[in-house]
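Here is the structure we will look at.
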Amino acid sequence: MNKRFTGYVNWIRRAHIHDMKVLGAIVEDARAQAPDHIAMTGDVMNIGLPAEFPVAKAWLQTLGEPHNVSFTPGNHDAYVRGSLPFITETFAPWCSNDNENHTVFPYLRVRGDVALIGLTSGIPTLPLLASGRLGREQRDALAKILDDTGRRGLMRVVMIHHPPTQGGAKFGRGLSDAPEFEQLIVRHGAELVIHGHNHRLQVRHIEGGGRRVPCVGVASASAVPGTPLHRAAYHLYRFEKSGNGWKVEGRMRGTAPGGEHVTDLGAIDL
Ligand SMILES: [Fe+2]
């Protein structure tokens with residue numbers, strides 16, 4: 001309850017930052033681009049109230065068929081311990097393995113030559129903290145999936161809410177097992193890691209063992225026009241087979257300065 005109280009106060013403050021009209025324009029533009037798949041890396045809620053779940057679900061449905069939309073919960077989605085059963089129940093269509101319909105993390109969805117791997121880093125925390133954690137079990141399962149999909153030559157996209165690199169977020173807001181995640185990626189590989197949480201474009205790389213894996217953070221999809229990096233946006237990726245590996249291209253689309261009009265904001269330097 002205490003956490004929900006501080007969260008509620010923050011939510012009221014955030015109401016000036018997040019605009020549902022802006023969000024609508026972003027979704028409309030994203031759908032008009034006709035992507036093969038939409039990855040939503042959270043948060044979709046504020047303080048994990050039971051009443052927020054149906055709203056979040058209804059909104060996810062506007063993105064397209066759950067078969068073509070994947071979701072990874074964030075810290076606001078897993079706000080208090082009591083939220084967890086709601087997550088499992090509500091988000092099953094977007095957080096399940098192929099041919100299954102129950103929530104599982106990590107989940108694996110294969111679409112053509114692309115492997116979409118969804119993690120949960122949202123854990124209930126103390127008030128005013130916004131950190132995340134994967135945990136040993138999830139990391140071990142992820143390693144196996146990366147090995148298997150890597151052997152099959154698939155384009156591996158890892159989706160997570162928290163920035164999974166060391167120093168990728170401010171103190172108390174990061175992924176506590178980011179060092180372990182980085183080692184895991186160096187050892188088992190991935191072609192792209194995408195995340196949310198910081199509400200800004202952010203590009204980092206996990207390097208080692210001959211790999212250089214881009215980790216890309218996206219702006220909020222509902223932020224009212226502010227600084228260029230924080231303005232409401234989403235990313236459009238294109239994957240192309242190249243030799244033994246994959247060529248990844250990303251572009252940012254978002255609101256132009258001072259308006260709700262969504263335009264191309266340029267290539268993401270991967
Ligand atoms: Fe977050």
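The values are calculated or read from the model by the stated rules, or taken from the named source; none is laboratory data. Quick caveat: nothing in here was measured; it's all calculated off a predicted structure. Here Cβ is always computed from backbone atoms with ideal geometry, including for glycine, and neighbour counts include all displayed protein chains. Accessible surface is based on the protein model in full, side chains and every heavy atom, while ligands, DNA and RNA are left aside. Shrake-Rupley method; radii C 1.70, N 1.55, O 1.52, S 1.80 Å.
Would you tally the residues in segment 42-73 being open to solvent by 20 Å² or more (accessible area, probe 1.4 Å), within 14 Å of THR90 (Cβ to Cβ) and in contact with an Asp or Glu (Cβ under 8 Å, 6 or more places away or on another chain)?
2
Checking VAL104 against (1) touching a residue at least 12 places away in the same chain (Cβ under 8 Å); (2) in contact with a Cys (Cβ under 9 Å, 6 or more places away or on another chain); (3) more than 24 Å from TRP246 (Cβ to Cβ): exactly one of these is not met. Which one?
(1)
Can you tell me which residue among ARG133, ARG151, ARG187 is among the basic types (Lys, Arg) and either under 17 Å from the mean Cα position of the chain (by Cα) or within 27 Å of HIS230 (Cβ to Cβ) (or both)? So that I can check it myself, show each step before the final result.
Values: ARG151 fails: either under 17 Å from the mean Cα position of the chain (by Cα) or within 27 Å of HIS230 (Cβ to Cβ) (or both); ARG187 fails: either under 17 Å from the mean Cα position of the chain (by Cα) or within 27 Å of HIS230 (Cβ to Cβ) (or both).
The match here is ARG133.
Of the residues that make up segment 201-221, is at least one in contact (Cβ under 8 Å) with a residue 12 or more places away in the chain, over 12 Å from the mean Cα position of the chain (by Cα) and farther than 20 Å from VAL248 by Cβ?
No: segment 201-221 contains no residue that is in contact (Cβ under 8 Å) with a residue 12 or more places away in the chain, over 12 Å from the mean Cα position of the chain (by Cα) and farther than 20 Å from VAL248 by Cβ.
Is it the case, given these coordinates, that GLY48 is at positive phi and modelled with pLDDT under 90? I'd like the intermediate steps shown before the answer.
Numbers: at positive phi: yes; modelled with pLDDT under 90: yes.
The answer is yes for GLY48.
Is at least one residue of segment 218-236 open to solvent by 50 Å² or more (accessible area, probe 1.4 Å), hydroxyl-bearing (Ser, Thr, Tyr), in a loop (DSSP other than H, G, I, E, B) and more than 16 Å from the ligand (Cβ to nearest atom)?
Checked segment 218-236: at least one residue is open to solvent by 50 Å² or more (accessible area, probe 1.4 Å), hydroxyl-bearing (Ser, Thr, Tyr), in a loop (DSSP other than H, G, I, E, B) and more than 16 Å from the ligand (Cβ to nearest atom).
Condition (residue is more than 27 Å from ILE26 (Cα to Cα), assigned to a loop (DSSP other than H, G, I, E, B) and out of contact with any helix residue (DSSP H, G or I) (no Cβ under 8 Å at 6 or more places or on another chain)) applied to segment 78-91: is it met by at least one residue?
Scanning segment 78-91, I find no residue that is more than 27 Å from ILE26 (Cα to Cα), assigned to a loop (DSSP other than H, G, I, E, B) and out of contact with any helix residue (DSSP H, G or I) (no Cβ under 8 Å at 6 or more places or on another chain), so the answer is no.
Quick one: in segment 30-41, which of the residues that are touching a strand residue (DSSP E or B) at 6+ places or on another chain (Cβ under 9 Å) and outside any helix (DSSP H, G or I) is least open to solvent (accessible area, probe 1.4 Å)?
THR41
Confirm whether ASN101 is modelled with pLDDT of 95 or more and part of a loop (DSSP other than H, G, I, E, B). Step through it out loud before you land on a result.
On the way: modelled with pLDDT of 95 or more: no; part of a loop (DSSP other than H, G, I, E, B): yes.
Answer is no for this residue.
Scan segment 60-83 residue by residue and report those that are of a type outside the set (Val, Ile, Thr) and away from the ligand (no atom under 16 Å from the Cβ).
Our first condition is that a residue be of a type outside the set (Val, Ile, Thr); within segment 60-83, this holds for 60-61, 63-68, 70-71, 73-79, 81-83.
Within segment 60-83, LEU60, GLN61, LEU63, GLY64, GLU65, PRO66, HIS67, ASN68, SER70, ARG81, GLY82 meet the criteria.
So is ASP98 free of Cβ contacts under 8 Å to residues at least 24 places away in the same chain and either surrounded by fewer than 16 Cβ atoms within 10 Å (Cβ to Cβ) or β-branched (Val, Ile, Thr) (or both) or not?
Working: free of Cβ contacts under 8 Å to residues at least 24 places away in the same chain: yes; either surrounded by fewer than 16 Cβ atoms within 10 Å (Cβ to Cβ) or β-branched (Val, Ile, Thr) (or both): yes.
The answer is yes for ASP98.
Could you list, in sequence order, all residues of segment 167-191 that are within 23 Å of ALA39 (Cα to Cα), of a type outside the set (Gly, Ala, Ser) and either without any contact (Cβ under 8 Å) to a residue 24 or more places away in the chain or in contact with a Phe, Trp or Tyr (Cβ under 7 Å, 6 or more places away or on another chain) (or both)?
Those that are within 23 Å of ALA39 (Cα to Cα), of a type outside the set (Gly, Ala, Ser) and either without any contact (Cβ under 8 Å) to a residue 24 or more places away in the chain or in contact with a Phe, Trp or Tyr (Cβ under 7 Å, 6 or more places away or on another chain) (or both): LEU175, GLU191.
Looking at the structure I just gave you, is THR255 more than 18 Å from HIS37 (Cβ to Cβ), of a type in the set (Val, Ile, Thr) and either open to solvent by 50 Å² or more (accessible area, probe 1.4 Å) or in contact with a Cys (Cβ under 9 Å, 6 or more places away or on another chain) (or both)?
On the way: more than 18 Å from HIS37 (Cβ to Cβ): yes; of a type in the set (Val, Ile, Thr): yes; either open to solvent by 50 Å² or more (accessible area, probe 1.4 Å) or in contact with a Cys (Cβ under 9 Å, 6 or more places away or on another chain) (or both): no.
Judged against the criteria, THR255 is not a match.
Determine whether segment 87-95 contains at least one residue that is touching a Leu at 6+ places or on another chain (Cβ under 6 Å), away from the ligand (no atom under 16 Å from the Cβ) and open to solvent by 10 Å² or more (accessible area, probe 1.4 Å).
No, segment 87-95 has no match at all.
Please go through segment 42-77 and pick out each residue that is within 21 Å of VAL216 (Cβ to Cβ) and outside any loop (DSSP other than H, G, I, E, B). It would help to see each step written out before you state the result.
Pass one, segment 42-77, residues within 21 Å of VAL216 (Cβ to Cβ): 42-44, 63, 68-77.
Listed by number, the residues that qualify are ASN68, VAL69, SER70, PHE71.
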